[in-house]
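One structure is given below, encoded as structure tokens.
The values are calculated or read from the model by the stated rules, or taken from the named source; none is laboratory data. Computed from a predicted structure; not experimentally measured. Cβ placement follows ideal geometry from the backbone for every residue including glycine, while neighbour counts extend to all protein chains displayed. Keep in mind that these areas ignore ligands, DNA and RNA; they rest on the heavy atoms of the full protein, side chains included. Shrake-Rupley method; radii C 1.70, N 1.55, O 1.52, S 1.80 Å.
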Amino acid sequence: MKHSGKIAFAAGLLLALHLGWRQFPDVLYSKADQPLQFSHKVHVEDSGMSCEDCHFVRDDGRFTGIPPIAKCAECHAEPLGATPHEKVLVEKYVATLTEIPWRVYSRQPDNVYFPHAAHVKTAKLACESCHGEHGKTENLRPYEQNRISGYSRDIWGPSISRISLKGERLGMKMDDCIDCHTEKKLRHSCLDCHK
Amino acid sequence: MTKETVKTRPARYGMVIDLDRCNGCGACMIACAVENNVPACPEGVTDRTGITWMRVQKLSNGQSFPDSRTAFIPVMCQQCGDKTPCVSVCPQQAVEVDEASGIVDQMPQRCLGCRYCMVACPYHARYFNWWDPAWPNGMERTLNPDVAPRMRGVVEKCNFCHGRYQEARAKAAVDGAAERAVEYTTACAEACPTGAITFGDLDDPGSEVAQLAKSENAFRLLEKLGTGPKVHYISKRAWVRAAAGSSLAAETREVRHG
Amino acid sequence: MSLGRRDLLKFLGGAAAGAIFTPVPWKLIDDVSIWTQNWSWLPLVPRGEIQSKYTTCTLCSSGCPVRVRCAGAQPVSMWGAAGHRLCPIGLSAHHLPYHPGRLARPMEHTQGGKWQPITLEAAVERISTGLSGCLRQRGSIAIVDGRAGTTASLLYKRFVAQTNAAVYIADETTARNGIDLDRTSTLLSLGVPLQDSWGEPGHVMRLQADGKLTVIHAEARASATASLADTWLPLAPGAETAFVLALAHVILKDGIYDRGRIQKAENFRSFETLIAAFSPERVAAATGLAPDVIGDVARQLAQAGPSVVLAESRPGVDGADELATAVAALNLLIGSEGSEGGILARPEVPVHDSLKDASRVPATTLAAVPDHSVKVLWLDDAEIPWAVLERKLAPEHLVISVSAWPTGAAAHAGLFVPAPLFLESVRDAAAPADSAAAWFRITSPVLPAPPESREGVDLLSQVAEKIGLTPTDSLVDHLHRRAEAIRTAGHGQVVSYADGTATGIAAFSSAEDFWNALANGGAWTQAASAKAPPRLRLPGENSSLEKTMRTATPPPSNPGTAAELPLVVSAYTGPPAASPVLSKLYEESGLKEPPDTAFIHPQTAERAGLKPGARAMVEAGNVKRPVLLEISTLVMPGTLHVSAAPEFHPARPKHSIAGTTAANGRLVRARIWNV
């Protein structure tokens, strides 16, 4: 047939585009559930807690990050509700004071130094400017990890192309840090952000 | 127009080591290694291939018994202020002098491992990772969370405990200390049992380190090269001061581990 | 429709063209470049909230307050607390639980000299059998306690009181007396490594730098302590006792002592006669020191007080007793016994009623134990050279070592039971040599102990029950009781590790309060007060000192090729194991003398025809050891200096140079030749 070559080319092109855009991310990232479900919504909206009750900058400038199990134990020494996840929390973790092996979406590699104190206290950035609406979620989505680099998918950002038509937050790569710092005309040395 | 990432007054951190107080115990070396995650060595490492950010050297007055005397001198990156040999030779821009602190920063992720800087450094203060860092028997659990382990193939050196500097800046951000330079101290200075090491801001005329650096028995290593080190030494002993002007004796000693 | 080869190629071409417009190549380049900078096999740093915990370091008797910096529950560094600084070994003590040389399981020595793991039950069984066989034989069981003066020591004493067959061996000098160093003006040290491993780290140097303390150091080598001393006396090895007696001679002759008090001392006249032979002129040749120098030192000691004379204690080593006797006499003469800035009797740490009887059980010295008499030898963290211990063993014997490390004498034990490290246990620290106060300081565990490890006294209690003796309660229980006894006695204060503040004991209203103050970082202490010793006694003419003059001879100035040289050994004095990172730093910096190395003056090497930088063999008495021979201008000509290795590996020859050497007191000569 006369057009068979063009069709083959087009088929190859379309297949590559399909695999590259649709299938590739699923292959590149492994998915794992969190050890436990946790609802920020329940804690913030229903219990009236604020972000800073658990995630705060200590007096010595360190950020507490994900609170230790002792913090959970302050309220959850006994189950407060009836969810199966809370039962696991109390029996498996609180009772033995074992830390929950959370998979951290925003975990940066060891050589990155990110001071929350400078960003939250000095620059007065809102949590959402980097972490989005994570503080309002009802469930913890599966943790996606890059099979090659070992990074969380959140570092690259949700869009595999890192192109956003709506101009929203892309990710937490070094480029993202630099973009924001350039916009604010900040100057740095390498070891300002690396350790 | 640019401004700095943290709105604090720039500092010029420096150190003064009183050699008449140094008894060569090596507390500074181990405090440094623990703070900065310097690994134990694999088999076959020598004193040339091993990593010792801070190395206490033995000095001898060259006399024979009973006039022989020993002194000790801790040598680490001298944090050159004027002509910084390592910065000028690095093809990767992996070394830079931080304007906010005066610290000569080494960026391991940028380093391509050519070791030109090691040749350029007159103080032998730079070390190359010939092996992947490894700790025996689960000892990596004791690593300092504030400092990342380096990988095989890159150069590293003393950076005046940059992890501590970062923490001090974070604390300054909480305290809102905008006008003062950030105050912190290095692991070696904190550990020294005899208080021989003083660390601080050389630009602050009231600081202890600035005053000690001006004392009459103060000197710097290889001052004739014009590198302007920010590490100063003090000794009342003339032969110790004289040793500072001469190049380190050719390293004939080769120690092999294991 | 038929698809040909061309179509397939076009399909692939289309796929390739399409791939460029997908994220695949670009993302892979990014990920791979990240991978090359973060190899997955590189260790990750621990994560967790940074917090400080407090405990006490019991690696040596200084008992330094420690702040343990933890990430979550994991210790990541160690720092001195309450104004104290740590030594290098303490600074890296959090590495020790992961030390590759640590044995965390009970071990048995097989005939072939290899360790073989056994269960704790089997170990207890073997010890019980060994002990029950000699329960009726007086002196057949010897317990050597390396941490004299602790609560565990009392529990050992309690066992000894129960059996009659056992003796308790410990050096209780430091437990009973301490040097009031903060108020001392002049310190004469006879080879004591003041700058190296003596007392609280940096203590002597800080006092020197503040102009409070003058150090006179006598040693046959320009060591760190010698180089940093205010006065260094290059004293010939073996002439230490003669030198001390010559100092006494000058003081008596010049009459610069408290006549009213000293002349009433027992044996005074006889001592005067003994001392008469030791004029500076007569000992000058043997000591290598000019008579004026000896005279000046004597006058400085007598007149620039408070002064203290200090000599290294080497338990069980020949000749060490003579030196100790001479030093005690000199200290008496210069008035340092029982006076401020001198040597003070430590106030007693109150003891609970249940251990009051045990606290009266006396300690024996190893020298008092007859040779070849011990059938069961129990070593708890004892750092006595094996050659010294071996002499005391009966032909049929069982040696049990309870220690974290199979090093030193423990390497020769038939049975090894691991003890927890101080970061893993609750125990109390011994008393520091450079303070005369009474102390009670406990450790708080920050890491779990290996399941098969035991504190020595807890193991012994388990054994005691098995052989029909009354077991004791656990060490932890006894520590609680002792804390309560201290609180109810109502003396002293608690110094907080967190901020160095002191709180009077009356402020603690309950046992729990007091215990928590100690366990969360606090030291109970009670200052010593000056009190003249009840009875003054000087050594007389017919004491062992009488022969000192005959044995002290100067080093040979022109040694021949087969000459025997006076031997100076720097034995390993720190804890037997240190962090592998620290060992590496020491080796790479060349800061510490490498073990098994002999140093000789270049002149002596030449005259004796020795080739430096080569292997050599050292022979002293019946002990031979291979060494590396180095030349050094720091050592005295005509002497041989050997740095002896800790016997880390059980496969090493069962010889220890340190064990046969009297670096103090009697002269030991060694032969050295290239091999």
inquiry  = It is to be established whether one or more residues within region C:72-94 are modelled with pLDDT of 90 or more, within 30 Å of C:Glu452 (Cβ to Cβ), open to solvent by less than 10 Å² (accessible area, probe 1.4 Å) and within 14 Å of chain A (Cβ to nearest Cβ).
reply    = yes
task = Inspect region C:536-556 for any residue being at pLDDT 70 or above, of a type in the set (Ser, Thr, Tyr) and in a loop (DSSP other than H, G, I, E, B) and give the result as yes or no.
result = yes
note = Selection over region C:259-293 where residues are over 35 Å from the mean Cα position of the chain (by Cα) and open to solvent by 50 Å² or more (accessible area, probe 1.4 Å) yields a count of 11
request  = Considering each of A:Arg58, A:Arg62 in turn, give the residue that is buried (at least 16 other Cβ atoms within 10 Å of the Cβ), at pLDDT 90 or above and among the charged types (D, E, K, R).
outcome  = A:Arg62
remark   = Counting only residues in region A:53-75 that are under 21 Å from A:Gln108 (Cα atoms) and outside any loop (DSSP other than H, G, I, E, B), the one nearest to the other protein chains (Cβ to nearest Cβ) is identified as A:Val57
query = For region A:153-176, which residues satisfy the criterion of being away from every other protein chain (no Cβ under 11 Å) and either touching a Leu at 6+ places or on another chain (Cβ under 7 Å) or over 19 Å from A:Arg141 (Cβ atoms) (or both)?
reply = A:Gly157, A:Ser164, A:Leu165, A:Lys166, A:Gly167, A:Asp176
message = Going by what's in this entry, would A:Val104 be described as farther than 30 Å from B:Pro149 by Cα and open to solvent by less than 80 Å² (accessible area, probe 1.4 Å)?
response = no
request  = Name every residue in region A:138-172 that is open to solvent by less than 50 Å² (accessible area, probe 1.4 Å) and not in a loop (DSSP other than H, G, I, E, B), in order of residue number.
outcome  = A:Tyr143, A:Glu144, A:Asn146, A:Ser152, A:Arg153, A:Asp154, A:Ile155, A:Trp156
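Which of the following residues is surrounded by 15 or more Cβ atoms within 10 Å (Cβ to Cβ), among the small types (Gly, Ala, Ser) and in contact (Cβ under 8 Å) with a residue 40 or more places away in the chain: A:Ala73, A:Ala117?
A:Ala117
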query = Are any of the residues in region C:448-458 more than 26 Å from the chain's Cα centre (by Cα) and in a strand (DSSP E or B)?
reply = no
inquiry  = Restricting to region B:150-207, and then to whatever is farther than 30 Å from A:Val120 by Cα and basic (Lys, Arg), can you tell me which residue is surrounded by the most Cβ atoms within 10 Å (Cβ to Cβ)?
reply    = B:Lys157
note = When region C:95-131 is checked residue by residue, the ones that are surrounded by 15 or more Cβ atoms within 10 Å (Cβ to Cβ), among the small types (Gly, Ala, Ser) and over 30 Å from B:Cys32 (Cα atoms) are C:Ala123, C:Ser128, C:Gly130
ask   = Counting residues that are modelled with pLDDT under 95 and either within 30 Å of C:Ala73 (Cα to Cα) or among the charged types (D, E, K, R) (or both), which helices (runs of 4 or more DSSP H) fully inside region B:104-204 reach at least 1?
value = B:162-175
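Listed residues A:Asp46, A:Asp110, A:Asp26; which is at pLDDT 90 or above and either at the interface with chain C (Cβ under 10 Å from one of its Cβ atoms) or more than 27 Å from C:Trp26 (Cβ to Cβ) (or both)?
After ruling out the rest, the residue left standing is A:Asp110.
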request  = Could you please give the count of residues in region C:471-500 that are open to solvent by 40 Å² or more (accessible area, probe 1.4 Å) and touching a Lys or Arg at 6+ places or on another chain (Cβ under 9 Å)?
outcome  = 3
ask   = Across region C:222-246, what is the total count of residues that are at the interface with chain B (Cβ under 8 Å from one of its Cβ atoms), open to solvent by 20 Å² or more (accessible area, probe 1.4 Å) and in contact (Cβ under 8 Å) with a residue 60 or more places away in the chain?
value = 1
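Let's see how each residue does on (1) within 11 Å of another protein chain (Cβ to nearest Cβ); (2) on the phi < 0 side of the Ramachandran plot:
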residue	(1), (2)
B:Cys121	no, yes
B:Ala134	yes, yes
B:Asn137	yes, no
B:Thr142	yes, yes
B:Arg152	yes, yes
B:Val155	no, yes
B:Gly163	yes, yes
B:Asp175	yes, yes
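So that you can scan it fast, the table gives a plain yes or no per residue for (1) in contact (Cβ under 8 Å) with a residue 40 or more places away in the chain; (2) not assigned by TED's automatic domain parsing to the domain that holds C:Ala368:
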residue	(1), (2)
C:Ala122	no, no
C:Ile143	yes, no
C:Ala148	yes, no
C:Ala152	yes, no
C:Val167	yes, no
C:Ala170	yes, no
C:Gly191	yes, yes
C:Pro201	yes, yes
C:Gln208	no, yes
ask   = Is it fair to say A:Glu78 is assigned to a helix (DSSP H, G or I), surrounded by fewer than 15 Cβ atoms within 10 Å (Cβ to Cβ) and of a type in the set (Asp, Glu)?
value = no
key: Selected residue (only one of B:Gln106, B:Gln79, B:Gln93 is within 14 Å of chain A (Cβ to nearest Cβ), open to solvent by less than 50 Å² (accessible area, probe 1.4 Å), out of contact with any Leu (no Cβ under 6 Å at 6 or more places or on another chain) and at positive phi)   = B:Gln79
request  = Being more than 8 Å from chain A (Cβ to nearest Cβ), touching a strand residue (DSSP E or B) at 6+ places or on another chain (Cβ under 9 Å) and open to solvent by less than 60 Å² (accessible area, probe 1.4 Å) is the filter here, so list the residues in region C:11-51 that pass it.
outcome  = C:Pro46
remark   = Restricting attention to region B:205-258, the residues that are at pLDDT below 90 and part of a loop (DSSP other than H, G, I, E, B) number exactly 12
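Look through region B:21-48, keep the residues that are at pLDDT below 90 and more than 7 Å from every other protein chain (Cβ to nearest Cβ), and return whichever of them is surrounded by the most Cβ atoms within 10 Å (Cβ to Cβ). Give the derivation first.
Applying the first criterion (at pLDDT below 90) to region B:21-48 yields B:40-48.
If we keep only those that are more than 7 Å from every other protein chain (Cβ to nearest Cβ) as well, we get B:42-46, B:48.
Numbers: B:Pro42: 17, B:Glu43: 8, B:Gly44: 11, B:Val45: 21, B:Thr46: 15, B:Arg48: 14.
So the residue we want is B:Val45.
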task = Scan A:Lys41, A:Lys2, A:Lys6 and give me the residue that is surrounded by fewer than 15 Cβ atoms within 10 Å (Cβ to Cβ) and at pLDDT 90 or above.
result = A:Lys41
Condition check for B:Ala100: of a type in the set (A, V, I, L, M) and closer than 24 Å to B:Tyr184 by Cβ = yes
